[in-house]
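Written below as structure tokens is the structure these notes are about.
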Amino acid sequence: MKPYIGIPLVAGLVYRAWSRKSLTPLGIIVAGFSASAHALHPWSAPVALLAVFYFGGTKVTKVKHEIKSRLTLSATGAEGGEGPRNHIQVLANSVVATVLSIAHAIVLSRSASDSCFSLGQKSADILVVGIVAYVHYLGIPQSLLCIIADTSFANSNYAAVAADTFSSELGILSKSKPRLITSLTLREVPPGTNGGVTATGLGAGLLGSFIVSATSAAVLPFCASAGIKERVLWTVAMTAWGTLGSVLDSVLGGILQASVVDKRSGKVVEGSGGRKVLVHPSGKVVAIDSAEASGIEKSQNATLRSGSSAKLAREESHESRRVETGHDWLDNNGVNLLMAATMSVGAMGISQWLWGLDITDLLA
């Protein structure tokens, strides 16, 4: 991207994150480096996709925030709901795309050929694959495979993480109870449970993926042979791929991440910044209602702090939380990173096999 375009864009993203307090100070710094890395790419697509993901993600985070904050509890004692995203969350959602955007920029700088999509004719195309894994399921003709599949590796990544963000932030507002995707009986679980899905959440994920996919169809430098039909097919395929990433995130979250529920309220307890929640908080600081805090103060001499809707006290007589679903192996950031990497690496592997290419040729 030209410096006179990239620099103002990056500066604008950083300023908006600071002015809207959508990111923590360290999160802003990491996001600034990530955006700068995207701007180094000669195409405008990486920065455009990053911007769309950021603006869309922060927008849906604020949708009915007051309502969402009452559906869950925070492990820190504050209201539930998502606050400013920290540097770990920024990295979990962007590091894969950032690394591959830089890698593809380096490959393009060493190539003297046309920088538009080469339709699977060289090994460098493996870096820009995003949708090949879903071509078969969509029934797209093999003759269109190269045009539809030939995309930025970061595109599949952002379609998936955008679908996941939209699904998480809007799905929790569903009027119907979530169903646990990893349960054979699809049992009902509290809102905010990892692995819990609703029709609203799946629809929101589809919307998020479509927004990123449509953006990529508009800004990617397709070769001259690609027409409107190919761009439409690309958008459909990309949307499906990203939505599949959201479903995968639910499956991984339901298995690898513990969903902790407060025994008294029945609400899911969220870890600050996507971190793990203490499952056995005896003797630890926990969030409780002000009425309960007053009673514990009299009987247990626990320290209370006023000024918020939740009070902090020491729970010494019994455990106040239980694990609703999943294993306590990864936190939310780890699940997001694993999903993004799995979707991207999987697409690369399938494209390498379909095209008969070898990614190791890039090292020669």
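Where a number appears in this text, it was derived from the coordinates with a stated rule and is not lab data. All values reported here derive from a predicted model rather than from experimental measurement. Neighbour counts run over all protein chains shown; Cβ positions are idealised from the backbone, glycine included.
For 262, 249, 331, 358, the sequence from fewest to most other C-beta atoms within 10 Å is 358, 331, 262, 249. With the highest mean first, a sort of the peptides 190-201, 265-276 on other beta-carbon atoms found within 10 angstrom per residue produces 190-201, 265-276.
If R0 equals 22 Å, the separation of the Cβ atoms of residue 279 and residue 63 corresponds to a calculated FRET efficiency of about 0.15. Under a 5 Å amide H cut-off, with hydrogens placed 1.01 Å from N, residue 260 pairs with 269, 324 among residues at least 5 apart or on other chains.
The residues neighbouring residue 332, those whose beta-carbon lies less than 10 Å from its own, together hold a net charge of -1 under the Lys/Arg +1, Asp/Glu -1 convention. Remark: for residue pairs 177/263; 21/263; 59/229; 21/177; 64/229; 59/177, the C-alpha separation exceeds 26 Å in 21/263; 59/229; 21/177; 64/229. Each listed q (0.12, 0.24, 0.29 Å⁻¹) maps to a log10 I(q)/I(0) for the stretch 3-70, found by the Debye formula over equal Cα scatterers with no solvent: -0.33, -1.04, -1.33. Peptides 40-49, 1-10 ordered by packing proxy, namely the average of other Cβ atoms within 10 Å per residue, highest first: 40-49, 1-10. Counting neighbouring beta carbons within 10 Å and listing from fewest to most, the residues 228, 350, 102 come out as 228, 102, 350. Peptides 171-179, 234-242, 92-100, ordered by how many other C-beta atoms sit within 10 Å of their residues on average, highest first, read 234-242, 92-100, 171-179.
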